[in-house]
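In what follows, a structure is listed as structure tokens, so that the remarks can point back to it.
The values are calculated or read from the model by the stated rules, or taken from the named source; none is laboratory data. Only a predicted model underlies this, so the values are computations on that prediction, with no experimental measurement involved. Ligands, DNA and RNA are stripped out before the accessible areas are found, and what is left, the full protein with its side chains, is counted by its heavy atoms. Shrake-Rupley method; radii C 1.70, N 1.55, O 1.52, S 1.80 Å.
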Amino acid sequence: MGRGRQKAKATKQARDIKYYSPNTDYSALQRELKGPEGRATNHFANEPVEPDYSAYVDKYADDLEEDDDDVDSRRIG
């Protein structure tokens, strides 16, 4: 097969693929996206629980207040 015929065949195949639209089974798609009925989906079950840092809030609150003053005194523009 010559290069011209090969290119024409490839172009025809590409056009067929581009404009091909199969019949969509929306009920099957919905079942697939929904997943199993009885199973709860918890993707984060194996994640460690974040530690409680509330005890440190008062200890470092003064440091945070000083940093806020620096930001307000900056001149913009």
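Given their separation in residues at 0.36 nm each and the Cα-Cα distance between them, LYS7 and ASP52 gain 9.6 nm when the chain is fully extended.
Going by accessible area, probe 1.4 Å, with all protein chains left in place, what is the ranking of GLU32, GLU47, largest first?
On the way: GLU32 145, GLU47 115 Å².
Correct descending sequence by accessible area is GLU32, GLU47.
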